[in-house]
1. Per residue of the chain, what 222 nm ellipticity follows from adding -39500 (n - 2.57) for every DSSP H run with n ≥ 4, rounded to the nearest 500?
2. The stretch 204-239: which trypsin sites (Lys or Arg not before Pro) are DSSP loop and have at most 14 other beta-carbon atoms within 10 angstrom?
3. Normalising by the residue count of the stretch 153-305, find the relative contact order in percent from Cα pairs under 8 Å and 6+ residues apart.
4. How large is the accessible surface per residue of the chain, computed with a 1.4 Å probe and reported in Å² as a whole number?
5. Express in Å², to the nearest 10, the accessible area of ASP80 obtained by rolling a 1.4 Å probe over the protein heavy atoms while all chains stay in place.
6. Identify the trypsin sites (Lys or Arg not before Pro) of the stretch 6-60 meeting these criteria: DSSP loop state and at most 12 other C-beta atoms within 10 Å of the C-beta.
7. Quick one, could you list the DSSP H helices from the chain stretching 15 Å or more along their long axis (Cα atoms) with average Kyte-Doolittle hydropathy of 0.5 or above?
8. With contacts defined as alpha carbon pairs under 8 Å and 6 or more residues apart, what's the relative contact order of the stretch 30-138 in percent?
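The values are calculated or read from the model by the stated rules, or taken from the named source; none is laboratory data. Since the model is a prediction, treat every value here as computed from it, not as a measurement. Note that we place each Cβ from the backbone using ideal geometry, even for glycine, and neighbour counts take in every protein chain shown. For the accessible areas, the whole protein counts, side chains as well, though only heavy atoms, and no ligand, DNA or RNA atoms are used. Shrake-Rupley method; radii C 1.70, N 1.55, O 1.52, S 1.80 Å.
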Amino acid sequence: MKLGEFELISLLSKTLKNKRNGIKVGIGDDTAVFELNGTLGLLTCDALVEGVHFLRNWKSLTPDFFYYLGRKLVSISVSDVASMGGAPLYSLITLGIPDWMEVEELKELYEGVNSALEEYDFSLIGGDTVKSPNFFLDLSLLGTSNKNRVMLRSKAKPGDLVGVTGTLGDSRAGLEQLLRGKVEDTYLVERFLNPEARLKEGVKALEIGVLCSTDVSDGFVFNLYTIAESSKVRIDLNSSEIPVSENLEKFAGDGALQYALYGGEDYELIITFPEEKKEKLENLGFKTVGTVSEGEGVFLDDKFLEKKGYDHFKGGV
Ligand SMILES: Nc1ncnc2c1ncn2[C@@H]1O[C@H](COP(=O)(O)OP(=O)(O)OP(=O)(O)O)[C@@H](O)[C@H]1O
Ligand SMILES: Cc1ncc(C[n+]2csc(CCOP(=O)(O)O)c2C)c(N)n1
Ligand SMILES: [Mg+2]
């Protein structure tokens, strides 16, 4: 592929002709948003592919691998709905199954799917099952926003502060251990295999009146760029405020900040918000890490940060 992932999506989206009136947000945010009979619907899908998102040999490296894969499939789409401030309702799963797969492994996968559906409180109501040379999974998710509003990447305003949930970079450190074939810190590996979608935080942030949000899938800096570009603003980060776990500090030493900035697959929520909401949002678990101003680009301690992150056709960072 000569184009990057996002150039390709942009090229393909130009060929589309949308005929219906109800589309509120099309391609370019974490979910599409549409109106149906006076209610806001959210629609998204996300795939996990053997060789791209996980390796087959990890099943012998970590117990309950398929259970966690099932949970992760659900959590990554819920995370997109959470970043709109919505709630999940109904879902479909496509399974692409290779010859080597055992029925017991698929049963374990669905135990994981079920445990996540229960936790996030929504239903799986169909799907598709096909044979495939590589194992792959895809979940399509329909959600809604009870408030009839959503948070968008395009709504950051100069003067806003930037907040983020949880800690960043753990997932990448977990991935590296699996790629090396040696699990040393199970906390970090679990952060990669079993990310938690920040559903409650998303819904509460919307209730508090937050307008702008996205989730961290391709990397913190990359996802900040999606806000900076679609809102046409500059974002400044303060390096001493970037949340990093003790486990990551132990694992990566001085490199921990690089993991946090560029790691990816954290599935934490980024928001921007006016100063007066800071206390309420900090009580909800959002850490204030930066500011929004007029201009463009993402900066750390006044130094320009390149737009780097995971791109399916350019590879990782
Ligand atoms: N093949 C495609 N055809 C049409 N739209 C697409 C296609 N692939 C992606 N999109 C849209 O492009 C936008 C960016 O997609 P992407 O998968 O990067 O979403 P994201 O939320 O940034 O990442 P993630 O799915 O990892 O959370 C979304 O609006 C998505 O619906
Ligand atoms: C074997 C292996 N190598 C690399 C990675 C890292 N990785 C894959 S996709 C992605 C971005 C989010 O996915 P998407 O854009 O599809 O939502 C990242 C960071 C991995 N998980 N497994
Ligand atoms: Mg997303």
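1. Working: 10 runs with 109 residues, N = 317.
Roughly -10500 deg cm²/dmol at 222 nm, from the helical runs in the chain.
2. Details: sites: LYS204, LYS232, ARG234; in loops: LYS232.
For trypsin sites (Lys or Arg not before Pro) across the stretch 204-239 that sit outside H, G, I, E and B with at most 14 neighbouring Cβ atoms in 10 Å, the list reads LYS232.
3. Numbers: 340 pairs, mean separation 68.0, N = 153.
Relative contact order here is 44 percent.
4. On the way: 15400 Å² over 317 residues.
Result: 49 Å² per residue.
5. 20 Å²
6. Numbers: sites: LYS14, LYS17, LYS19, ARG20, LYS24, ARG56, LYS59; in loops: LYS14, LYS17, LYS19, ARG20.
Passing sites in the stretch 6-60 are LYS14, LYS17, LYS19, ARG20.
7. Numbers: long enough: 65-84 (29 Å, 0.80); 103-120 (26 Å, -0.59); 170-180 (16 Å, -0.68); 220-231 (16 Å, 0.77).
Flagged H segments are 65-84, 220-231.
8. Working: 158 pairs, mean separation 38.6, N = 109.
After rounding, I find 35 percent.
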